[in-house]
Amino acid sequence: MLEAINEVRQILEKRGINKILADTTDLDIAPGTMDIYKLSSTFPPGFRHAILVNDFQATAKDMRFVEDVGVKRGHNIRVFSDREKALQWLNDER
C-alpha cells in the first residue's frame, strides 16, 4: 500500500497538485501501526490530505489514528465521513 501511495505522491508533485481525497470507504484491512506512522507523513507539509471513511467500517478508527498522528507531526490531514464536507475542506483556501 505504501508503494502505491508514494507513486501517487510523486505524480501529484510532478503535476503541481497539493491536495488529495483518499476514499477508504471500501477498505477492509487496516494498515499496521508502523504503516500508519509512515502514511501520516507521506505527503509534504502544506499538502491537504482528506481521507473519506464510512463510520461503520472497522478501519474508520485506524484512519482517525492516521489523522491524529499526521496532525501531531504538523501535516494538514483530516478524516471525513461526508464526501461533500471533505471536498469543501480541500478547496478551502485558508
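For region 38-94, enumerate the residues that are closer than 21 Å to residue 11 by Cβ, small (Gly, Ala, Ser) and assigned to a loop (DSSP other than H, G, I, E, B).
Residues satisfying the conditions are 41, 46.
Among the residues of region 14-26 satisfying the criterion of being closer than 23 Å to residue 79 by Cβ and of a type outside the set (A, V, I, L, M, F, W, C), which is surrounded by the fewest Cβ atoms within 10 Å (Cβ to Cβ)?
Among those residues, the one meeting the criterion is 26.
State whether one or more residues within region 20-32 are in contact (Cβ under 8 Å) with a residue 40 or more places away in the chain and more than 23 Å from residue 82 (Cβ to Cβ).
Within region 20-32 (the criterion being in contact (Cβ under 8 Å) with a residue 40 or more places away in the chain and more than 23 Å from residue 82 (Cβ to Cβ)), the answer is no, since none of the residues qualifies.
Can you pull out every residue in region 6-35 that is aliphatic (A, V, I, L, M) and more than 13 Å from residue 51 (Cα to Cα)?
8, 11, 12, 17, 29, 30, 34, listed by residue number.
Under the condition of being under 19 Å from residue 26 (Cβ atoms) and at pLDDT 85 or above, which residue from region 39-54 is surrounded by the fewest Cβ atoms within 10 Å (Cβ to Cβ)?
Among them, the one singled out is 54.
Scan 38, 61 and give me the residue that is among the basic types (Lys, Arg) and within 19 Å of residue 3 (Cα to Cα).
Sole residue among the options that is among the basic types (Lys, Arg) and within 19 Å of residue 3 (Cα to Cα): 38.
When the residues of region 27-37 are narrowed to those that are outside any loop (DSSP other than H, G, I, E, B) and surrounded by 12 or more Cβ atoms within 10 Å (Cβ to Cβ), which ends up nearest to the chain's Cα centre (by Cα)?
Looking at the filtered set, the residue picked out is 36.
Out of 11, 36, 77, I need the residue that is modelled with pLDDT under 85 and β-branched (Val, Ile, Thr). Which one?
36
The values are calculated or read from the model by the stated rules, or taken from the named source; none is laboratory data. Remember, it's a predicted structure, so these values are computed and weren't measured experimentally. So basically every Cβ, Gly included, is an ideal-geometry build from the backbone, and we count neighbours across all protein chains shown.
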